[in-house]
Amino acid sequence: MKTYRSAVTILFLSAALLVGCSSGGEKANPSVPAYTSDADSGGTAAAESAPADDSSAEASASSTSATDGPLTAEGLSDPATEYTVLSIPDDLDELQQEALRAYIAYDRATWEGNRTEDGDLSAVEATTSGDALEHYKKSYDEYMSNGQHAEGSFNKSVLSVDMQGDVIRPIATVTACSDFRSSRIVDSSGNDVSRNGWKVLATYDVTLVRIGGTWTVTTWSRDTDSKLCTQ
């Protein structure tokens, strides 16, 4: 297994079940061979992420920047939605870079989905599958039915991108610090209705699987007591 650590930070759905990422499930622990960096890394990055505002045209532009922009913390950030990547690992190989781009596309899609709560889940569905997608939809529907949405800023530091599996079906685990402390949940009148467990700094382990050249997030787990996140 290849691990890269950066110096050191998912999401709106956290609040719904006091977990904080855009989807649910236990941390994946696949029984697969260890990944080696000289394996074939063909295929494309995962599908697009979140809109920079409510319009579909700007949503498409935001998606493109998440997957096709420079592989730097700044290049993966989205000022329009106050989504900031503070750091990413160095020296990632091609397949790890694909997985990281797919993770950021997913993370931005779920964050933006909960900012707008406009009923359009196309960007989330393009980057998420399995238990992760079902959990996100459940949380999203709950907030939407209550007339609530997310506001504020969301920061994160990607700590590592670990690879397992084989050339045919590689599996990536992205570990990141997600910082919700400058975000909030508001109702239709603008009142802060954030639940306990929302404004936290937490470590997430997010599992992505690549099938047919496309990466999607399948499960995640959260740890609010982790010592990995110190900022």
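The values are calculated or read from the model by the stated rules, or taken from the named source; none is laboratory data. Note that the coordinates shown come from a computational prediction; the quantities given were computed from them, not determined experimentally. Using ideal geometry, Cβ is built from the backbone for each residue, glycine included, and neighbour counts are taken over all protein chains shown.
Can you tell me which of (1) over 13 Å from the mean Cα position of the chain (by Cα); (2) under 14 Å from S153 (Cβ atoms); (3) not β-branched (V, I, T) is the one G190 doesn't meet?
(2)
Check every one of the strands (runs of 3 or more DSSP E) wholly within the range 117-231 and list those with 1 or more residues that are among the hydroxyl-bearing types (S, T, Y) and within 23 Å of D93 (Cβ to Cβ).
Details: elements: 149-152, 154-165, 170-179, 183-186, 201-211, 214-223.
The strands (runs of 3 or more DSSP E) meeting that bar are 154-165, 170-179, 201-211, 214-223.
Report the residue count in the range 172-231 for those that are over 21 Å from S160 (Cα atoms) and surrounded by fewer than 23 Cβ atoms within 10 Å (Cβ to Cβ). Spell out the reasoning first.
Keep residues of the range 172-231 that are over 21 Å from S160 (Cα atoms), which gives 181-199, 211-213.
Pick out the ones that are also surrounded by fewer than 23 Cβ atoms within 10 Å (Cβ to Cβ) and you get 181-182, 184, 186-199, 211-213.
Here the count works out to 20.
In the range 133-142, is there at least one residue being polar (S, T, N, Q), in contact with a Leu (Cβ under 9 Å, 6 or more places away or on another chain), surrounded by 16 or more Cβ atoms within 10 Å (Cβ to Cβ) and within 23 Å of R101 (Cβ to Cβ)?
First, the residues of the range 133-142 that are polar (S, T, N, Q): 139.
Pick out the ones that are also in contact with a Leu (Cβ under 9 Å, 6 or more places away or on another chain) and you get 139.
Now drop any that are not surrounded by 16 or more Cβ atoms within 10 Å (Cβ to Cβ), which leaves 139.
If we keep only those that are within 23 Å of R101 (Cβ to Cβ) too, we end up with none.
Scanning the range 133-142, I find no residue that is polar (S, T, N, Q), in contact with a Leu (Cβ under 9 Å, 6 or more places away or on another chain), surrounded by 16 or more Cβ atoms within 10 Å (Cβ to Cβ) and within 23 Å of R101 (Cβ to Cβ), so the answer is no.
Table: residues versus (1) at pLDDT 55 or above; (2) on the phi > 0 side of the Ramachandran plot; (3) in contact with a Phe, Trp or Tyr (Cβ under 8 Å, 6 or more places away or on another chain); (4) surrounded by fewer than 24 Cβ atoms within 10 Å (Cβ to Cβ).
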position	(1), (2), (3), (4)
Y35	no, no, no, yes
A50	no, no, yes, no
T67	yes, no, no, yes
T81	yes, no, yes, yes
P89	yes, no, yes, yes
A105	yes, no, no, no
E112	yes, no, yes, no
T127	yes, no, yes, no
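Take the residues in the range 146-175 that are among the acidic types (D, E) and more than 16 Å from N114 (Cβ to Cβ), then tell me which one is nearest to the chain's Cα centre (by Cα).
Keep residues of the range 146-175 that are among the acidic types (D, E), which gives 151, 162, 166.
If we keep only those that are more than 16 Å from N114 (Cβ to Cβ) as well, we get 162, 166.
Working: D162: 15, D166: 23 Å.
Looking at residues that are among the acidic types (D, E) and more than 16 Å from N114 (Cβ to Cβ), I get D162.
State all residues of the range 149-159 that are buried (at least 20 other Cβ atoms within 10 Å of the Cβ) and among the polar types (S, T, N, Q); if no residue qualifies, say none.
N155, S157
Among the residues that make up the range 92-99, is at least one of them in contact with a strand residue (DSSP E or B) (Cβ under 9 Å, 6 or more places away or on another chain), of a type in the set (G, A, S) and at pLDDT below 95? Don't jump to the end; show me each part of the working.
From the range 92-99, those in contact with a strand residue (DSSP E or B) (Cβ under 9 Å, 6 or more places away or on another chain) are 92-93, 95-99; that's our starting set.
From what's left, of a type in the set (G, A, S): 99.
Now restrict to residues that are at pLDDT below 95: none.
Scanning the range 92-99 turns up no residue that is in contact with a strand residue (DSSP E or B) (Cβ under 9 Å, 6 or more places away or on another chain), of a type in the set (G, A, S) and at pLDDT below 95.
Report yes if some residue within the range 144-162 is among the aromatic types (F, W, Y), closer than 28 Å to S87 by Cα, in contact with a Cys (Cβ under 9 Å, 6 or more places away or on another chain) and at pLDDT 95 or above; otherwise report no. So that I can check it myself, show each step before the final result.
Our first condition is that a residue be among the aromatic types (F, W, Y); within the range 144-162, this holds for 154.
With the extra rule that they be closer than 28 Å to S87 by Cα, the set shrinks to 154.
Then drop every residue that is not in contact with a Cys (Cβ under 9 Å, 6 or more places away or on another chain), which leaves none.
No, there is no match, as no residue in the range 144-162 is among the aromatic types (F, W, Y), closer than 28 Å to S87 by Cα, in contact with a Cys (Cβ under 9 Å, 6 or more places away or on another chain) and at pLDDT 95 or above.
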